[in-house]
Amino acid sequence: MRDSLPQEAARLSRVEAKFKEVFRKYSYEEIRIPVLESKELFYHGLGESSDAVGKEMYSFIDRDGKELALRPEGTASVVRALIQNNLCYNDRPRLWYEGPMFRHERPQAGRYRQFQQLGVEAFGFAEPTIDVEIIQMGNEVFRQLELSALVTLKINSIGSAEARAQYRERLIEALTPLSEELDEDSRKRLQTNPLRILDSKIPKTKELLKDAPKLRDSLSDNAKERFDDVLELLASAGVEYTVDPHLVRGFDYYSDTVFEWVTDHLGAQDAVCAGGRYDGLVELLGGSPTPGVGFAAGIDRIAKLCEQQQEPRYGAADVYLVPMEEVHREFVNSVAQHLRCHTDLRIREHIGAGNMRNKMRWADKSNAIWALIVGDTELQQRSVTVKWLRSERSQVSTSVENLLTILQENLE
Ligand code: ATP
Ligand code: MG
């Protein structure tokens, strides 16, 4: 597990805040789900053949002998909560959640064992309109983060469970004679989860797949029509997309629409947000049949992508207040409180003895734009000396009343 140090944490928070703002505007409600669940929930809901459950789950036995797991994703928990609390009774909830997810993966840039997801789920809607609403929300976040040029929306339909079962047979039939030529992972998947082979990033395997049967040919007319409706609605909503006939998702629970935002700017870890429709999941986990659709965004990767943009200036503080001596502290503290109350700026007070040179070094280290200095003269006049730390501008002395004006002017 890793730490997110302050600069990265600020970046993560900024991305999270943007998602939440957009979810709010679409009137999605927050749900909080536990980090630990029964292991069974994931085995049952996500399927053992998925990497996250079969290979990557952190599970253990607790003091009561119960098998528990750190959640590898959020959807199964949201569905469990929905069923346990009867949330779909006379209602069609649209929800969002956030939090850390855990997978025992090989850590590398953009792939961590604890990572942050923010996700949405809408229950009770079978209409293509809701697929599009969900996708539109994701798109809106990328637009507002000015990442639209760095990400591409890929979309596909994987039809019903029956269609996939039929396709699975056709795919096994077509690939088995070629199994020697497949990469090792794909060869294993031929037995466990052949559809995931479509997802392979290995060039040789990709080449072999070109002549393999197409999933679309196994879809029912209804499923094809539904997919065309989704695409049409996306186009009329002005959402750009690329149909990717090889796009499949890792978990068994998906059906019909699946989608993913990918980027070329993060090396091998190219997926930043992924989701789809999962009409069978609520019933599978013991609820009454209820359609569902949602996505989960990988906040760590999106934050990493933001590094490549013109980011807002990072610093721990905006204003650093320096009392020359301890007798000036009370006044310094009252100025700090005044600023905290009347501005949105981040105000840090110097704490600790030392000479002025030393104090000013701390001011600089805080990355603040201004240092506000208070000595005997300032205390007498109830004023402060404003020193610009990031420009050549010469310092001024000002009353506390006038201080706000000076700081605000400088921000514009
Ligand atoms: P990948 O193909 O990269 O392994 P996935 O299909 O396993 O992704 P999902 O389960 O769909 O991922 O999770 C949704 C998003 O969460 C991904 O698109 C990605 O941005 C992020 N994510 C998944 N696993 C990790 C991880 N180990 N570290 C960081 N982010 C992750
Ligand atoms: Mg994965």
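The values are calculated or read from the model by the stated rules, or taken from the named source; none is laboratory data. In this text, all values refer to a predicted model and were calculated from it rather than measured experimentally. All Cβ positions, even for glycine, are placed from backbone atoms using ideal geometry, and neighbour counts span all protein chains on display. With ligands, DNA and RNA removed, areas are computed over all heavy atoms of the protein, side chains included. Shrake-Rupley method; radii C 1.70, N 1.55, O 1.52, S 1.80 Å.
You will find that of SER59, SER77, SER50, the residue that is among the polar types (S, T, N, Q) and either open to solvent by 50 Å² or more (accessible area, probe 1.4 Å) or in contact with a Ser or Thr (Cβ under 9 Å, 6 or more places away or on another chain) (or both) is SER59 and no other. Taking the stretch 346-385 as the range and being in contact (Cβ under 8 Å) with a residue 24 or more places away in the chain, under 16 Å from THR398 (Cβ atoms) and surrounded by fewer than 18 Cβ atoms within 10 Å (Cβ to Cβ) as the test, the residues that pass are GLY375, ARG382.
Of the residues making up the stretch 316-333, those that are open to solvent by 30 Å² or more (accessible area, probe 1.4 Å) and in a loop (DSSP other than H, G, I, E, B) are ALA316, MET324, GLU325. ALA336 meets each of the listed conditions (1) open to solvent by 60 Å² or more (accessible area, probe 1.4 Å); (2) touching an Asp or Glu at 6+ places or on another chain (Cβ under 7 Å) apart from (1).
Applying the selection to the stretch 152-188, what residues are open to solvent by 40 Å² or more (accessible area, probe 1.4 Å) and more than 30 Å from ASP229 (Cβ to Cβ)? Across the stretch 152-188, the qualifying residues are ILE172, GLU173, THR176, PRO177, LEU178, GLU180, GLU181, GLU184, ASP185, ARG187, LYS188.
Here the stretch 84-112 is the region considered, the condition is being surrounded by 19 or more Cβ atoms within 10 Å (Cβ to Cβ) and part of a strand (DSSP E or B), and the residue that is nearest to ligand 2 (Cβ to nearest atom) is MET101. Annotation: of all residues in the stretch 271-287 being open to solvent by 40 Å² or more (accessible area, probe 1.4 Å) and either under 29 Å from VAL15 (Cα atoms) or in contact with a Pro (Cβ under 6 Å, 6 or more places away or on another chain) (or both), the one that is farthest from ligand 1 (Cβ to nearest atom) is GLU283. The one condition from (1) in a loop (DSSP other than H, G, I, E, B); (2) away from ligand 2 (no atom under 16 Å from the Cβ); (3) open to solvent by 80 Å² or more (accessible area, probe 1.4 Å) that HIS44 does not meet is (1). Per the conditions (1) without any contact (Cβ under 8 Å) to a residue 60 or more places away in the chain; (2) surrounded by 14 or more Cβ atoms within 10 Å (Cβ to Cβ), the sole criterion not satisfied by ARG14 is (1). Any chance the stretch 288-297 includes a residue that's in contact with a Cys (Cβ under 8 Å, 6 or more places away or on another chain), more than 13 Å from ligand 1 (Cβ to nearest atom), open to solvent by less than 10 Å² (accessible area, probe 1.4 Å) and modelled with pLDDT of 95 or more? Within the stretch 288-297 (the criterion being in contact with a Cys (Cβ under 8 Å, 6 or more places away or on another chain), more than 13 Å from ligand 1 (Cβ to nearest atom), open to solvent by less than 10 Å² (accessible area, probe 1.4 Å) and modelled with pLDDT of 95 or more), the answer is no, since none of the residues qualifies. How many of the residues making up the stretch 63-113 are aliphatic (A, V, I, L, M), touching a strand residue (DSSP E or B) at 6+ places or on another chain (Cβ under 9 Å) and within 16 Å of ligand 1 (Cβ to nearest atom)? Residues flagged as aliphatic (A, V, I, L, M), touching a strand residue (DSSP E or B) at 6+ places or on another chain (Cβ under 9 Å) and within 16 Å of ligand 1 (Cβ to nearest atom) within the stretch 63-113 amount to 6.
Within the stretch 243-259, which residues are within 16 Å of ligand 1 (Cβ to nearest atom) and over 30 Å from PHE42 (Cβ atoms)? Spell out the reasoning first.
Taking the stretch 243-259 and keeping what is within 16 Å of ligand 1 (Cβ to nearest atom), we get 244, 246-255, 257-259.
Within the stretch 243-259, none qualify.
When restricted to residues that are more than 16 Å from ligand 2 (Cβ to nearest atom) and under 24 Å from SER160 (Cβ atoms), the stretch 228-258 contains 16.
Might you check whether a residue that is under 16 Å from GLU16 (Cα atoms) and touching a residue at least 40 places away in the same chain (Cβ under 8 Å) occurs anywhere in the stretch 87-96? Steps first, answer last, please.
Step one: filter the stretch 87-96 for residues under 16 Å from GLU16 (Cα atoms), giving 95-96.
Now drop any that are not touching a residue at least 40 places away in the same chain (Cβ under 8 Å), which leaves 95-96.
Yes: the stretch 87-96 contains one or more residues that are under 16 Å from GLU16 (Cα atoms) and touching a residue at least 40 places away in the same chain (Cβ under 8 Å).
The residue list SER148, SER179 contains one member that is away from ligand 2 (no atom under 16 Å from the Cβ), over 19 Å from GLY280 (Cα atoms), touching a Phe, Trp or Tyr at 6+ places or on another chain (Cβ under 8 Å) and free of Cβ contacts under 8 Å to residues at least 40 places away in the same chain, which is SER148.
Checking each residue in the stretch 262-275 for being within 15 Å of ligand 2 (Cβ to nearest atom), touching a residue at least 24 places away in the same chain (Cβ under 8 Å) and within 16 Å of the chain's Cα centre (by Cα) picks out VAL262, LEU266, GLN269, ALA271, VAL272, CYS273, ALA274, GLY275.
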